[in-house]
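Q: This structure is in structure tokens; I'll ask about it shortly.
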Amino acid sequence: MGCFFSNRRKAEKESQPEAGEERPKQYSWDQREKVDPKDYMFSGLKDETVGRLPGQVAGQQFLIQDCENCNIYIFDHSATVTIDDCTNCVIFLGPVKGSVFFRNCRDCKCTLACQQFRVRDCRKLEVFLCCATQPIIESSTNIKFGCFQWYYPELAFQFKDAGLSIFNNTWSNIHDFTPVSGELNWSLLPEDAVVQDHVPLPTTEELKAVRVATEANRSIIPVSRGQRPKSSDESCLVVLFAGDYTIANARKLIDEMVGKGFFLVQTKEVSMKAEDAQRVFGEKAPDFLPLLNKGPVIALEFNGDGAVEGCQLIVNEIFNGTKMFVSESKETASGDVDSFYNFADIQMGI
């Protein structure tokens with residue numbers, strides 16, 4: 001009579017690898033949840049409103065192609081986004097960690113934020129942009145740019161997940177790889193352009209659940225004038241050092257200055273070393289050196305007659321006790337601004 005346990009031990013022994021025989025290796029990517037590319041793609045759509053809610057993309061790559069007369073909203077952060085062969089579409093893209101690439105598109109209106117932005121073989125695009133590096137167009141015509149202007153509750157966290165700073169936005173510093181003598185392939189949208197008139201809010205019940213606001217004073221990105229002509233010869237540089245309330249202080253200062261009629265020209269968030277401080281802050285550099293080790297600084301440039309005095313008054317009244325660098329006079333302000341932004345652009349590779 002056979003023994004059941006002996007048979008089981010025999011089976012277990014036979015299933016075990018021989019001495020010296022290695023088990024198949026397990027790799028981390030073998031454990032990853034498989035993704036279906038179709039979940040991260042809109043292709044061949046016509047006359048539709050479609051999108052993805054916060055949390056539905058979660059840093060994946062996304063593809064939009066061959067769409068016509070569509071409204072497309074990606075309310076989440078992505079790795080990269082490619083838009084090919086789309087016509088007469090409205091497109092919103094949440095923060096993109098890498099590149100956004102438009103190819104062979106026409107008559108599209110977009111709002112998006114990304115690390116790199118490129119347009120090739122396109123015509124008649126309107127783009128409200130936040131881009132950490134210099135936007136590039138190639139073999140394209142009638143491309144118009146404005147500053148990103150959008151808000152919903154999850155957007156700030158999505159910027160962090162995408163590794164983007166809300167203060168690094170070179171939206172108007174366009175490089176045209178294929179310029180045509182006597183012609184300009186790109187231009188800036190009017191400063192008073194209303195983003196919702198170009199990129200309207202979604203109308204489907206599912207996407208309306210995302211609580212979107214498009215007013216400039218609620219935008220997650222500070223709305224700047226960029227490369228538009230300055231209204232005054234006087235500019236003021238303010239540098240805020242890293243701390244618990246740096247972002248809140250920067251936003252408060254922007255609101256106060258804009259409320260008094262001054263213009264925000266540009267913003268930057270960048271790390272500084274001792275030699276950088278000497279170049280930018282001059283004889284005041286020793287006062288700020290200990291603060292540089294706490295993290296990146298945020299710099300704001302304001303423009304308008306009386307900007308230096310106006311900014312100093314606001315800083316003294318509202319931010320008394322908070323360490324900031326503020327241009328001392330109209331005569332030195334221009335040099336301060338140029339020194340800082342030249343350094344910052346070099347650091348960021350712009």
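The values are calculated or read from the model by the stated rules, or taken from the named source; none is laboratory data. Keep in mind the model is a prediction, meaning the values are calculated, not measured. Using ideal geometry, Cβ is built from the backbone for each residue, glycine included, and neighbour counts are taken over all protein chains shown. Each accessible area value is taken on the protein alone, full model and side chains, heavy atoms only, with ligands, DNA and RNA left out. Shrake-Rupley method; radii C 1.70, N 1.55, O 1.52, S 1.80 Å.
Q: Quick one: residue 219 ticks every box in (1) within 24 Å of the chain's Cα centre (by Cα); (2) modelled with pLDDT under 90; (3) surrounded by 15 or more Cβ atoms within 10 Å (Cβ to Cβ) except a single one, so which number is it?
A: (2)
Q: What pairs come up if the first residue lies in the stretch 45-74 and is closer than 14 Å to residue 35 by Cβ, the second is open to solvent by 20 Å² or more (accessible area, probe 1.4 Å) and of a type in the set (Val, Ile, Thr), and their beta carbons are under 7 Å apart, counting only those six or more places apart or on different chains?
A: Close Cβ pairs (under 7 Å, with a partner that is open to solvent by 20 Å² or more (accessible area, probe 1.4 Å) and of a type in the set (Val, Ile, Thr)) amount to 60/35; 61/80; 63/82.
Q: Answer with yes or no whether residue 263 is touching a residue at least 40 places away in the same chain (Cβ under 8 Å), within 30 Å of residue 321 (Cβ to Cβ) and open to solvent by 40 Å² or more (accessible area, probe 1.4 Å).
A: Details: touching a residue at least 40 places away in the same chain (Cβ under 8 Å): yes; within 30 Å of residue 321 (Cβ to Cβ): yes; open to solvent by 40 Å² or more (accessible area, probe 1.4 Å): yes.
Answer is yes for this residue.
Q: Within the stretch 225-244, is even one residue over 30 Å from residue 324 (Cα atoms) and either out of contact with any Pro (no Cβ under 6 Å at 6 or more places or on another chain) or surrounded by 15 or more Cβ atoms within 10 Å (Cβ to Cβ) (or both)?
A: Restricting attention to the stretch 225-244, the residues satisfying the condition of being over 30 Å from residue 324 (Cα atoms) are none.
For the stretch 225-244, residues over 30 Å from residue 324 (Cα atoms) and either out of contact with any Pro (no Cβ under 6 Å at 6 or more places or on another chain) or surrounded by 15 or more Cβ atoms within 10 Å (Cβ to Cβ) (or both): absent.
Q: Here is a further query. Count, please, the residues in the stretch 167-209 that happen to be in contact (Cβ under 8 Å) with a residue 60 or more places away in the chain and of a type in the set (A, V, I, L, M, F, W, C).
A: Going residue by residue through the stretch 167-209, those that are in contact (Cβ under 8 Å) with a residue 60 or more places away in the chain are 167-170, 173, 189, 195, 198-200, 202-204, 206-207, 209.
Retained after the next criterion (residues that are of a type in the set (A, V, I, L, M, F, W, C)): 167, 189, 195, 199, 207, 209.
Summing the residues that are in contact (Cβ under 8 Å) with a residue 60 or more places away in the chain and of a type in the set (A, V, I, L, M, F, W, C) in the stretch 167-209 gives 6.
Q: Within the stretch 109-124, work out how many residues are in contact (Cβ under 8 Å) with a residue 24 or more places away in the chain, more than 11 Å from residue 171 (Cα to Cα) and crowded, with 22+ Cβ neighbours inside 10 Å.
A: 3
Q: Tell me, yes or no, whether the stretch 99-121 has at least one residue that is under 23 Å from residue 270 (Cα atoms), assigned by the TED database to the domain that holds residue 53, part of a strand (DSSP E or B) and hydroxyl-bearing (Ser, Thr, Tyr).
A: yes
Q: If the requirement is being closer than 30 Å to residue 48 by Cβ and either within 19 Å of the chain's Cα centre (by Cα) or not in a strand (DSSP E or B) (or both), which of these qualifies: 144, 230? Don't jump to the end; show me each part of the working.
A: Numbers: 230 fails: closer than 30 Å to residue 48 by Cβ.
That would be 144, the only listed residue that is closer than 30 Å to residue 48 by Cβ and either within 19 Å of the chain's Cα centre (by Cα) or not in a strand (DSSP E or B) (or both).
Q: Can you pull out the residues in the stretch 70-84 that are in a loop (DSSP other than H, G, I, E, B) and in contact with a Cys (Cβ under 7 Å, 6 or more places away or on another chain)? Working first, answer last.
A: Residues of the stretch 70-84 that are in a loop (DSSP other than H, G, I, E, B), as a first pass: 70, 75-77, 79-80.
70, the sole residue that qualifies.
Q: In the stretch 147-161, which residues are surrounded by fewer than 22 Cβ atoms within 10 Å (Cβ to Cβ), touching a residue at least 12 places away in the same chain (Cβ under 8 Å) and not in a strand (DSSP E or B)? Explain how you work it out, then say what you get.
A: Here is the first cut: in the stretch 147-161, the residues surrounded by fewer than 22 Cβ atoms within 10 Å (Cβ to Cβ) are 151-154, 156-157, 159-161.
Then drop every residue that is not touching a residue at least 12 places away in the same chain (Cβ under 8 Å), which leaves 151-154, 156, 159, 161.
Result: 152, 153, 154, 156, 159, 161.
Q: Right, another one. Residues of the stretch 125-141 being crowded, with 23+ Cβ neighbours inside 10 Å and outside any loop (DSSP other than H, G, I, E, B), which ones?
A: Across the stretch 125-141, the qualifying residues are 125, 127, 128, 129, 130, 131, 137.
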